[in-house]
Amino acid sequence: MSQTAMERKTVNLEEIELELLLEGIYQYYGYDFRNYARASLKRRIRKVLEGEGLSQISALQNLVLHDSAAIQRMLLGITVNVTSMFRDPSFFLAFRQQVVPLLSTYPYIRLWHAGCSEGQEVYAMAILLQEAGLYDRCRIYATDRNERVLQRAKAGIYPLGLMQQYTQLYLQSGGQHSFSNYYTAAYDSAIFRASLRENILFSQHDLASDGSFNEFNIILCRNVLIYFDPVLQQRVHRLFHESLCRFGILALGRQESLRLSPYAPDYEALVKSEKIFRRLS
Amino acid sequence: MALRLTSGSQPALIVIGASLGGLMALRELLQQLRPDFSIPIAIVQHRHRDLQQQLVASMQQGVRLLLREVEDKDELRPGQIYLAPADYHLLVEADCLLLSIDPPVSYARPSIDVLFESAADAYGERLIGVILTGANQDGAIGAAAIKAKGGLVLVQEPATAESAVMPAAAIAQTCVDAVLSLSALAAQLNEFCEVCEF
């Protein structure tokens, strides 16, 4: 066998190992990563391999199927989406200017953060809604598939070192107060005000396998679907369609679209550049 | 010099990495591509996250092929040039492009290494990687990954680059296939395209 044929064989073998790992995890633990986008998942799994001091995915399979602590480490490694508060400040600015006026007419607002990860975006939105005078009318559901990640989101504690960057993004997003009012610094942590959490319900929900659980006026799911393959994206779009009321708002990430959604014709772009859509029918 | 892919087949994708000085270099390179250039091109140009749409517009000037800032799961189409959006990693799969917000790699997001490594995984011997001007070492590991999977790596001649660090790092990291000026790079890419027409 030539060198290049060997190389090609290595590539295929890794694909096979990855399939087996995902299938094994699904069958044994019930966590379904089989429809995660492969290229980004593979990068994360290689990182997990490095952390565990392993060189082959099949070795990782052996480890995580027999060691419940190892599967937890792996889940953290492949599910956490680290984002920042007010990532894409232009989105939050557009939300303030174009969505808030619509919401002001609602007596009661139900909002779903799907795939909230460690909660940065949930707190950012809570701040925005407080400043818009809408927070008291809001019920915010923040969900993620990973229980440990949710615990972190619930705690609302982030590294103090990030606050300078968050402050800048907050100001660019149209923030009206001093950002430091929203947290207390303790050692090297920033602890966010409990009042921001009052109307937030953090709960476990897996976009890959769970169903609709309520009807919402707003669904926020930014930079989550990029990690899913087209099959899983369609599933999630169906779920959103089932969960969004008429004239409800769906907000996706800046580089995401409804192109793969079977329900695209039911939406209009409210702010096209920021991927804020409104359901019409 | 006739560079050929090991497989003898046509290149399926060209990936290009550029950093400091990259806008001018990319424009110069892309302007010289044939109007019927049919191999898709994916580009990571380092930039600040606040510079969003402007880059596509300014890079498009004088370039006949259509530039597009990638949206998630964009399909690779012949003759299209894809640019990594600010603050996202760009990755390649067998038939589409995808994005991630995973942490920066060597301070960079988008990272050239991330693009190159995923492209090498997806396309192996049918991939061409190009490293242009830049003041950091991003892309060197990715270039080595492309070589390891049987693809070709072309590098801008450091002496002709606005910043020689990045091309020099790639040359130091792996056995690259050619070190060329921008015009010679463009001519070489055009030649690959001729190969793929028979």
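Here are the numbers:
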| item | result |
| --- | --- |
| Count of the stretch B:174-190 residues which are surrounded by fewer than 19 Cβ atoms within 10 Å (Cβ to Cβ) and either more than 15 Å from residue B:28 (Cβ to Cβ) or among the polar types (S, T, N, Q) (or both) | 5 |
| Candidate set: the stretch A:216-259, residues that are assigned to a helix (DSSP H, G or I) and within 9 Å of another protein chain (Cβ to nearest Cβ); chosen: the one farthest from residue A:100 (Cα to Cα) | A:230 |
| Any helices (runs of 4 or more DSSP H) falling wholly within the stretch B:135-198 and containing at least 1 residues that are aromatic (Phe, Trp, Tyr) | B:182-195 |
| Among residues of the stretch B:96-112, those that are open to solvent by less than 10 Å² (accessible area, probe 1.4 Å) and within 13 Å of chain A (Cβ to nearest Cβ), counted | 7 |
| All helices (runs of 4 or more DSSP H) inside the stretch A:3-94 with 1 or more residues being open to solvent by 70 Å² or more (accessible area, probe 1.4 Å) and within 13 Å of chain B (Cβ to nearest Cβ) | A:3-29, A:38-52 |
| Tally of residues being buried (at least 24 other Cβ atoms within 10 Å of the Cβ) and at pLDDT below 95 across the stretch B:124-141 | 0 |
| Odd one out for residue B:48, checked against (1) in a loop (DSSP other than H, G, I, E, B); (2) free of Cβ contacts under 8 Å to residues at least 60 places away in the same chain; (3) under 15 Å from the mean Cα position of the chain (by Cα) | (3) |
| All positions within the stretch B:74-95 that are small (Gly, Ala, Ser) and either in a strand (DSSP E or B) or facing chain A (nearest Cβ under 10 Å) (or both) | B:84, B:86, B:94 |
| Unmet requirement for residue A:251, which otherwise passes all of (1) closer than 24 Å to residue B:84 by Cβ; (2) among the small types (Gly, Ala, Ser); (3) surrounded by fewer than 18 Cβ atoms within 10 Å (Cβ to Cβ) | (3) |
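The values are calculated or read from the model by the stated rules, or taken from the named source; none is laboratory data. Please read all numbers here as calculations on a predicted model, not as lab measurements. Note that we place each Cβ from the backbone using ideal geometry, even for glycine, and neighbour counts take in every protein chain shown. When the accessible area is computed, the model is the full protein with side chains, heavy atoms only, and any ligands, DNA or RNA have been set aside. Shrake-Rupley method; radii C 1.70, N 1.55, O 1.52, S 1.80 Å.
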